[in-house]
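The values are calculated or read from the model by the stated rules, or taken from the named source; none is laboratory data. Keep in mind it's a predicted model, so treat the numbers as computed, not measured. Quick reminder, even Gly has a Cβ in these numbers, built from the backbone with ideal geometry, and neighbours come from all protein chains shown. Side chains included, ligands, DNA and RNA excluded: accessible areas come from the protein's heavy atoms. Shrake-Rupley method; radii C 1.70, N 1.55, O 1.52, S 1.80 Å.
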Amino acid sequence: MLTDIKSLTREELETQFKAWHEPVYRVDQLLDWLYARRVTAWDAMTNLPKGLRGQLRTSFSLHTLELARKQGSRDTTQKFLWKLADGSFIESVLIPANPALYGDASDRHTLCISTQVGCAYGCKFCASGLEGWKRNLGVYEIVEQILSIERWQSQQMLDKKASAPVPPTSSSQQPTSRFVDNIVVMGMGEPLANYDHLLKALKILNAPWGGGIGARKITISTSGLAPQIRKLADEPLQFRLAISLHGATDEVRNQIMPVNRKYPLKELVNACEYYQHENGRMITLEYILIAGINDSLAQTKPLASLAKRLHAKVNLIPYNKVEDLPWERPTEDVCENFLAALENQNVTATLRREKGHDIDAACGQLRLKTERELAGKAI
């Protein structure tokens with residue numbers, strides 16, 4: 001298989017163009033077509049010589065993601081199910097403006113992206129791992145989630161302008177500003193289990209010649225892979241870190257998160273402290289509230305203790321029900337009381353209120369539903 005062009009950095013492209021005896025400025029033209037204009041075909045790159053386009057075509061692939069299904073929420077959260085070249089499915093979730101969930105200011109268009117097809121870590125409440133782990137996503141498959149969303153948004157804008165007296169210029173020929181300005185790596189899969197591909201993709205999305213999205217607008221989530229957290233701490237780019245905690249004691253985490261047996265809280269917290277020492281950025285503790293498991297007020301004390309030790313903020317997320325799993329969403333009052341108890345202990349905390357609960361927005365739900373429907377048709 002040919003390497004997808006969006007898996008290469010600027011430096012790698014410059015090396016290739018030099019070997020082809022092409023001037024460096026051609027690399028700038030190519031990158032503009034890929035990341036500013038977001039074209040999907042070699043022939044659309046009209047200011048590149050025909051011979052160079054032919055050489056690119058025979059040397060690299062230019063894959064896109066096929067939109068297989070989309071669901072829209074009452075709060076304008078949008079879930080996208082993408083079909084990959086090998087027939088696998090992944091999900092991305094576009095989250096509307098929300099004050100300071102992951103960034104310093106109001107998050108305008110946050111995209112939650114996937115890093116794997118399935119997941120091997122088997123968190124008991126999550127749909128992503130119900131059918132097991134299939135493979136890591138390639139660099140371009142991570143990058144393409146952002147570009148595909150932005151193509152979709154551009155098409156929406158064109159459709160709205162369709163009745164204008166003068167037809168708008170094709171979006172494939174006219175560069176547009178970035179629509180996605182915050183990335184949360186918290187979709188299907190364990191991001192740090194696909195470390196190398198993820199970091200290269202994020203560097204492309206961060207680079208001025210690529211996505212141009214600031215490192216502080218990119219949050220990487222992990223269920224608790226302590227060695228990789230330490231490795232991330234040593235990276236020069238200051239990506240934000242979120243810990244999918246969901247339990248403030250080993251007893252609770254062992255019950256719902258098998259990863260805790262390999263990396264218990266003591267080891268996880270030590271890695272987080274190292275990250276903070278090296279990086280200096282605030283960590284977010286993600287905490288899905290599950291009825292009868294981790295939502296009692298007694299759990300707020302160890303959670304508050306952890307948050308204070310790590311100088312972290314807590315993001316509370318009421319559980320999204322997953323078919324075939326026994327877990328339930330707490331009542332609204334339980335969630336509000338849990339939030340209030342944390343705040344009374346001087347912890348900075350937020351409670352996510354209705355961001356996609358009505359569209360199966362938990363990781364892997366739409367993929368699982370679609371794969372089972374397809375399997376049923378095949379039978």
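For segment 180-294, the antiparallel share of DSSP beta bridges with both residues in that region comes to about 0%.
Looking at this model, which pairs from Lys134/Lys217; Lys217/Lys308; Lys124/Lys301; Lys83/Lys321 are more than 27 angstrom apart at the alpha-carbon? Over 27 Å Cα-Cα: Lys134/Lys217. Values of log10 I(q)/I(0) for segment 237-294 across q = 0.30 Å⁻¹ run -1.24, by the Debye formula with one identical scatterer at each alpha carbon and no solvent. With K and R counted +1 and D and E -1, the other residues having a Cβ less than 15 Å from that of Asp196 yield a net charge of -1. Report the local net charge at Glu22: Lys and Arg +1, Asp and Glu -1, summed over other residues whose C-beta lies under 12 Å from its C-beta. Local net charge: +1. Once both labels are positioned 7 Å from their Cα atoms along Cα-to-Cβ, the gap between Gln238 and Tyr25 label points is 3.6 nm. Here segment 22-90 was treated as a single set of alpha-carbon atoms; its pair distances binned every 5 Å from 0 give 3, 14, 19, 17, 13, 12, 10, 7, 3, 1, 0 percent. Put +1 on the Cβ of every Lys and Arg and -1 on every Asp and Glu Cβ in the chain; which of Leu67, Ala127, Cys112 then has its Cα farthest towards the positive end of the dipole? It is Leu67.
Taking 0.36 nm per residue of separation and subtracting the Cα-Cα distance, full extension of the segment from Asp196 to Glu14 would add 63.4 nm.
If only the Cβ of Lys and Arg carry +1 and only the Cβ of Asp and Glu carry -1, the dipole of the chain around its Cα centre is close to 480 debye. Between Ala68 and Leu81, Trp82, Lys83, the built amide H atoms are under 5 Å apart, and every one of these is 5 or more places off in sequence or on another chain.
Between Thr331 and Ala162, what FRET efficiency follows from the Cβ-Cβ distance if R0 is 45 Å, with the result rounded to 0.05?
E between Thr331 and Ala162, to the nearest 0.05, is 0.50.
Annotation: the antiparallel percentage among DSSP beta bridges lying fully within the chain is about 45. Considering only alpha-carbon pairs that sit under 8 angstrom and 6 or more positions apart, the relative contact order computed for the chain is 16 percent.
Charged side chains reduced to their Cβ positions (Lys and Arg at +1, Asp and Glu at -1) give segment 1-82 a dipole of some 360 debye around its Cα centre. When the Cα positions of Thr284, Trp209, Ala248 are compared along the charge dipole of the chain, Trp209 comes out farthest toward the positive end, with charges on each C-beta of Lys, Arg, Asp and Glu.
Just to verify a number: FRET efficiency for Trp152 and Ser305, C-beta to C-beta distance, R0 = 35 Å, to 0.05? Efficiency at R0 = 35 Å is approximately 0.20.
Stretched out straight at 0.36 nm per residue, the stretch from Glu273 to Leu2 would grow longer than its current Cα-Cα span by 93.4 nm.
Which entries of Lys79/Lys200; Lys262/Lys313; Lys6/Lys160; Lys6/Lys203; Lys50/Lys200; Lys200/Lys262 have Cα-Cα distances beyond 20 Å here?
Too far apart for the 20 Å limit: Lys79/Lys200; Lys262/Lys313; Lys6/Lys160; Lys50/Lys200; Lys200/Lys262.
Here the peptides 244-257, 133-146 are ranked by packing, the mean other Cβ count within 10 Å, and the order with the highest first is 133-146, 244-257. To the nearest ten degrees, helix 50-59 and the longest principal axis of the Cα atoms of the chain are 40 degrees apart.
Summing +1 for each Lys or Arg and -1 for each Asp or Glu among the other residues whose beta-carbon sits under 14 angstrom from that of Leu237 gives +4. Projecting the Cα atoms of Asn47, Val24, Gln78 onto the charge dipole of segment 23-82 (Cβ charges, centred on the Cα centre) puts Gln78 farthest toward the positive pole. Evaluated at 10 °C with a viscosity of 1.306 mPa s, what Stokes-Einstein diffusion coefficient in µm²/s does segment 186-270 have when Rh comes from the Kirkwood expression over alpha-carbon pairs? Once the numbers are plugged in, D ends up at 116 µm²/s.
Across segment 1-89, C-alpha contacts under 8 Å between residues 6 or more apart give a mean separation that, scaled by the residue count, equals a relative contact order of 24 percent. The magnitude of the dipole of segment 214-280, with charges of +1 and -1 set on the Cβ of Lys/Arg and Asp/Glu and taken from the Cα centre, is near 180 debye.
Measure off, as a whole percent, the carbon and sulfur share of the 1.4 Å-probe accessible area of the chain, all protein chains present.
For the chain, the apolar C and S fraction of the accessible surface comes to 52 percent.
Accessible surface calculations at 1.4 Å, restricted to protein heavy atoms, place the chain at 43 Å² per residue.
Calculated translational diffusion coefficient of segment 1-52 (10 °C, 1.306 mPa s; Stokes-Einstein with Kirkwood radius over alpha-carbon pairs) equals 138 µm²/s. Where is the GNM fluctuation largest for the chain (alpha-carbon springs, 10 angstrom cutoff): Gly122, Gly292, Gly224? The residue with the greatest mean-square fluctuation here is Gly292. Against the chain, whose longest principal axis comes from its Cα atoms, helix 10-19 is set at around 30 degrees.
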